[in-house]
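Q: Right, I'll just put the structure down here and ask away after.
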Amino acid sequence: MDFIIDIEETVYKPAEDSYLLADNLEIKSTDRVLEIGTGTGIVAMYASKFSEYITVTDINLDACQLAYKNFKKNNIENIEILFGNLFEPVKNRKFDVILFNLPYLPTEEYDIIDDDLNYAFDGGIDGRKVIDDFLNQLKNHLNDKGKVQLIQSSLSDNQKTLDKLEKLGFVAKIAAKEHFFFEDITLINGYL
Ligand SMILES: C[S@@+](CC[C@H](N)C(=O)[O-])C[C@H]1O[C@@H](n2cnc3c(N)ncnc32)[C@H](O)[C@@H]1O
């Protein structure tokens, strides 16, 4: 699928991890879809080819504004954009599919970047700061038979995510992965 997108210095530029998610979406036409951390909006644009009911969020206001521009540029009118941390902007709402290409890199104090682009990478010391927060709240926002598709790295412990999902009642698996120099980027799917 070809989309025209603008990029900005403070917003994550789509990379292999974005496309690993975008190319493996499991969305039905009736599904209510939430993408957390939309960045430029690229994954949501792919998702919009499957369903009309897409909501996106980001903790980086620049990303929300850029996604708005990119949706317009591609004549996509029906994606709802909300600003905020994880599920805060969708407090009492549930979805059928939740997508998140997470900030998954183990990050030391000296790695921290001094602008909002930091949100794209910073997974805390063990890479799991955002992953665990996300998983803890996930089930409250999924309908029966709901599904999660998330991207992380072997550097932030895939097995821990699989175990956590199983504990929460999901059937979980690594659905796809790509090897880079020092890590595997993985797509983990969980099914209720
Ligand atoms: C790796 S980037 C992915 C961007 C885009 N989805 C893509 O695949 O190209 C992670 C995104 O999640 C956002 N993010 C990080 N922590 C977040 C949080 N707690 N709540 C909402 N968004 C968050 C970042 O600002 C960033 O846009």
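Q: Among HIS141, HIS179, what is the fewest-to-most ranking by other Cβ atoms within 10 Å? Walk me through the intermediate numbers first.
A: Values: HIS141 19, HIS179 9.
The fewest-first ordering by Cβ neighbours comes to HIS179, HIS141.
Q: Could you order the peptides 132-140, 34-42 from most to least packed, using the average number of other C-beta atoms within 10 Å per residue?
A: Values: 132-140: 16.0, 34-42: 27.7.
Order by mean packing, descending: 34-42, 132-140.
Q: Right, another one. Please report, in whole Å³, the volume per residue of the convex hull around the C-alpha atoms of region 28-191.
A: Expressed per residue, the convex hull around the Cα atoms of region 28-191 is 114 Å³.
Q: Okay, moving on. Determine, for PHE100, PHE3, PHE170, the number of other Cβ atoms within 10 Å of each Cβ, and report the residues in order from fewest to most.
A: On the way: PHE100 25, PHE3 18, PHE170 22.
Going from least to most buried by this count: PHE3, PHE170, PHE100.
Q: Sticking with this structure for a sec: With each pseudo-label sitting 7 Å past Cα toward Cβ, what's the GLU8-GLU166 distance in nm, one decimal?
A: Taking the simple label geometry, GLU8 and GLU166 are separated by 4.2 nm.
Q: Starting from 0.36 nm per residue, how many nanometres of slack lie between ASN143 and HIS179 once their C-alpha separation is accounted for? Please list the in-between numbers first.
A: Details: separation 36, 0.36 × 36 = 12.96 nm, distance 3.28 nm.
Length gained between ASN143 and HIS179: 9.7 nm.
Q: Ranked from highest to lowest mean number of other Cβ atoms within 10 Å per residue, what is the order of the peptides 83-90, 106-113, 148-155?
A: Values: 83-90: 16.2, 106-113: 11.2, 148-155: 22.9.
Top to bottom by mean Cβ count within 10 Å: 148-155, 83-90, 106-113.
Q: While we're on this one: Report the antiparallel proportion of the DSSP beta bridges in the chain as a percent, rounded to a multiple of 5. Can you show the working numbers first?
A: Numbers: 16 of 37 bridges.
Here the share of antiparallel DSSP bridges comes out near 45 percent.
Q: Give the relative contact order (percent, whole number) for region 28-191; include only Cα pairs under 8 Å separated by 6+ residues. Before the final figure, lay out each step's value.
A: Values: 324 pairs, mean separation 30.3, N = 164.
18 percent.
Q: Under a straight-distance cross-link criterion of Cα-Cα below 14 Å, which aspartates and glutamates are reachable from LYS160, leaving out those fewer than 8 residues away in the same chain?
A: ASP126, ASP132, ASP133
Q: Shifting gears a bit: Report the Cα centroid-to-centroid distance between region 138-183 and region 1-54 in angstrom, as an integer.
A: Between the Cα centre of region 138-183 and that of region 1-54, the gap is 18 Å.
Q: Determine the alpha carbon to alpha carbon distance for each of LYS28/LYS94; LYS69/LYS177; LYS13/LYS164; LYS73/LYS177 and list only those over 25 Å. Could you put the intermediate results ahead of the total?
A: On the way: LYS28/LYS94 16 Å; LYS69/LYS177 30 Å; LYS13/LYS164 29 Å; LYS73/LYS177 31 Å.
Too far apart for the 25 Å limit: LYS69/LYS177; LYS13/LYS164; LYS73/LYS177.
Q: So, one more: Counting other C-beta atoms within 10 Å, which of MET1, MET45 has the fewest, and how do the rest follow? Spell out each step's value before the answer.
A: On the way: MET1 10, MET45 25.
Least to most surrounded, the residues fall as MET1, MET45.
We did not get these values from a lab; they are worked out from the coordinates using the rules stated. Note that this is a predicted model, so its numbers are computed, not measured. A quick note on method: Cβ atoms are made from the backbone with ideal geometry, for glycine too, and the neighbour counts reach across all protein chains shown.
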